[in-house]
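To keep things clear, I will list the structure first and then write my remarks on it.
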């Protein structure tokens, strides 16, 4: 790792003839019960847990509920990415502490059950394990074959045994577990500096053999009954001492995007295919802020992007903004994204708030996974092999002292559990109202059950009203508290209204687009090349609304003036959120009686939209879904 949007009735009318059909209405839920689990911390650092994933008295949706400071509307009919899993890394440090250190077998089994079992524990569903040594290993830079100059001695040193055994146990406890492997460095003898630390480049003549190194790793796990779902070529490529390699005191490698592309496309993927391996390869595996340096140059290759073994982009959270994920989604709609590392640590001001911000922001920006760094460390934040000496995990194993062999569950265990215990692989993220005070994200499991994860990180309580279809409940969230609300059933009422869904095309054949695929209130609506993403899928509602990403097409500030900009905003029923599509292909605002207009008749990508007096010009003509 490295730390380094007023809204406001004329029904929308389409004068042109259109074909319509109706589905038989579902049996709607009434007074659906809601289960509630809370985690609370008491200190400014968000580390002292006073209530950990504690179930509360059940509440229920009702036809009406009291008002609240914040309203969160959950719309399960607007769906986004599919959840792949969440968890942490079974590092060599973790393996040593649970299988070779002070912990008894009985304690280890109980701990693993609390970590991975879906009902008896928090159901961790994704592990990302180092291939060989990392910074969170026992001291020593060890690969899975340290003998030059072939792979005849692969794993003869047994270095990965305990990592593999723990992974096997985790898989038995949770069969839905996803497994990923990633090296911090190739074996030293394959590198130009002859060692695993101090950076160094993979020698070109070893590209084919290094691909076989991955093949052997995957086959070794397969033989143990552990399918490896994913690998990455490199953890944090070119991190973290490219300018001063000798200062890099733990395994790492120098890479650039062209080298990673060459190795992945022309060596690793062919080697996997030749061996009949279906493991998929993630790229980048580094920060949002490093996308331009590493990932963009790899993903720009269409051949790689379209390869069946290409998994997508892996993100770390130490530098940069998660909104980069939405930018990448807009550019490459079919590319999957995964959050694969962000450690807890003493440098973080408030661990509770940080964790929940990560869970919300990563997934709201298209990540399909949320993976912490090391699952376990001891009370001294070790053992570690250079690198991070201030990292924390989901559990702390007491090594030495009066409490030797005991295991403590950190705030990171509980924050992660608010996701993994209730959101299962295969779930889909669904729309919920973004809120800066009560951060939240919502999911729908494949069995139809819902989970709304909400966090109040402030020092005073906050009242929330959760709206789902025609029902709602009101709840007061204590200070410094995370809540997961779960329920089942089908939403009642007109949320969302029926209508026709598809792209809205306008000037130069381009699409009406939500900027950056960002569902936050106030996001601008622009003109952009049509790309088939959810940001360009508009529902022309029978109630006069035009909706995308679960929000309504909205005239900013309820203005009726020429030039008032267009945005998306939580649907409220206001006239500034109702539109009429005419036979002349105008989209007319009900509040202003003016047309949806592309600013300055400019067909460039990113040109904003506004309302303007209807002129009949091309920049006011729109083709809506039939």
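Things to note:
- Of all residues in segment 359-381 being within 28 Å of the chain's Cα centre (by Cα) and assigned to a loop (DSSP other than H, G, I, E, B), the one that is farthest from residue 82 (Cα to Cα): 381
- Selection count where residues are surrounded by fewer than 22 Cβ atoms within 10 Å (Cβ to Cβ) and within 14 Å of residue 418 (Cβ to Cβ), scope segment 439-457: 2
- Extreme residue, surrounded by the most Cβ atoms within 10 Å (Cβ to Cβ), among residues of segment 576-589 that are farther than 10 Å from residue 623 by Cα and in contact with a helix residue (DSSP H, G or I) (Cβ under 8 Å, 6 or more places away or on another chain): 576
- Identity of the residue in segment 537-551, surrounded by 24 or more Cβ atoms within 10 Å (Cβ to Cβ) and under 24 Å from the mean Cα position of the chain (by Cα), that ends up farthest from residue 520 (Cα to Cα): 538
- Single condition residue 434 does not satisfy, out of (1) in contact with a helix residue (DSSP H, G or I) (Cβ under 9 Å, 6 or more places away or on another chain); (2) assigned by TED's automatic domain parsing to the domain that holds residue 177: (2)
- When residue 528 is tested against (1) touching a helix residue (DSSP H, G or I) at 6+ places or on another chain (Cβ under 8 Å); (2) more than 20 Å from residue 328 (Cβ to Cβ), exactly one condition is not met: (2).
- Scanning segment 593-626 for residues that are in a loop (DSSP other than H, G, I, E, B) and in contact with a strand residue (DSSP E or B) (Cβ under 6 Å, 6 or more places away or on another chain) yields 594, 605, 606, 607, 614, 622, 624, 625.
- Any hit, segment 306-322, residues being in a helix (DSSP H, G or I) and either in contact with a helix residue (DSSP H, G or I) (Cβ under 9 Å, 6 or more places away or on another chain) or not assigned by TED's automatic domain parsing to the domain that holds residue 523 (or both): no
- The strands (runs of 3 or more DSSP E) found entirely in segment 45-151 that carry 3 or more residues being closer than 19 Å to residue 485 by Cα and touching a strand residue (DSSP E or B) at 6+ places or on another chain (Cβ under 6 Å) are 49-55, 70-82.
- Residue that is at pLDDT 95 or above and over 24 Å from residue 229 (Cα atoms), where the choices are 134, 143, 104, 125: 104
- Test result for residue 522, assigned to a loop (DSSP other than H, G, I, E, B), under 19 Å from residue 469 (Cα atoms) and not assigned by TED's automatic domain parsing to the domain that holds residue 70: no
- Residue check for residue 340: at pLDDT below 95, out of contact with any helix residue (DSSP H, G or I) (no Cβ under 9 Å at 6 or more places or on another chain) and not in a loop (DSSP other than H, G, I, E, B): no
- When residues of segment 199-225 are limited to those that are buried (at least 19 other Cβ atoms within 10 Å of the Cβ) and farther than 20 Å from residue 149 by Cβ, the one modelled with the lowest pLDDT: 199
For every residue, the table says whether it meets (1) touching a strand residue (DSSP E or B) at 6+ places or on another chain (Cβ under 9 Å); (2) farther than 19 Å from residue 260 by Cα; (3) surrounded by 24 or more Cβ atoms within 10 Å (Cβ to Cβ).
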position	(1), (2), (3)
336	yes, no, no
360	yes, yes, no
363	yes, yes, yes
370	yes, yes, yes
380	no, yes, no
383	yes, yes, no
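- Checked against (1) buried (at least 18 other Cβ atoms within 10 Å of the Cβ); (2) under 26 Å from residue 335 (Cα atoms); (3) modelled with pLDDT of 95 or more; (4) over 23 Å from the mean Cα position of the chain (by Cα), residue 302 passes all but condition (1).
- Among the residues of segment 555-574, those that are farther than 16 Å from residue 78 by Cβ and under 30 Å from the mean Cα position of the chain (by Cα) comprise 556, 566, 567, 572.
- A count restricted to segment 152-167 and to residues that are part of a loop (DSSP other than H, G, I, E, B) and either in contact with a strand residue (DSSP E or B) (Cβ under 8 Å, 6 or more places away or on another chain) or modelled with pLDDT under 95 (or both) stands at 1.
- The numbered conditions (1) farther than 28 Å from residue 87 by Cβ; (2) not in a helix (DSSP H, G or I) are all true for residue 258 except (2).
One line per residue, one yes/no per condition, for (1) over 23 Å from the mean Cα position of the chain (by Cα); (2) in the same structural domain as residue 549 (by TED's automatic domain parsing); (3) surrounded by fewer than 13 Cβ atoms within 10 Å (Cβ to Cβ):
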position	(1), (2), (3)
48	yes, no, no
59	yes, no, no
64	yes, no, yes
67	yes, no, yes
73	no, no, no
91	no, no, no
98	yes, no, no
109	yes, no, no
112	yes, no, no
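- Meets criteria (buried (at least 24 other Cβ atoms within 10 Å of the Cβ), over 20 Å from the mean Cα position of the chain (by Cα) and either outside the structural domain of residue 335 (by TED's automatic domain parsing) or more than 22 Å from residue 80 (Cβ to Cβ) (or both)) for residue 394: no
- Test: residue 454 is assigned to a loop (DSSP other than H, G, I, E, B) and either in the same structural domain as residue 126 (by TED's automatic domain parsing) or more than 24 Å from residue 176 (Cα to Cα) (or both): no
- Scanning segment 542-566 for residues that are in a strand (DSSP E or B) and more than 17 Å from residue 431 (Cα to Cα) turns up 554, 555, 565, 566.
The values are calculated or read from the model by the stated rules, or taken from the named source; none is laboratory data. Because the structure is a prediction, the values reported are computed rather than measured. Don't worry about glycine lacking a Cβ; one is built from the backbone with ideal geometry, like all the others, and counts go over all protein chains shown.
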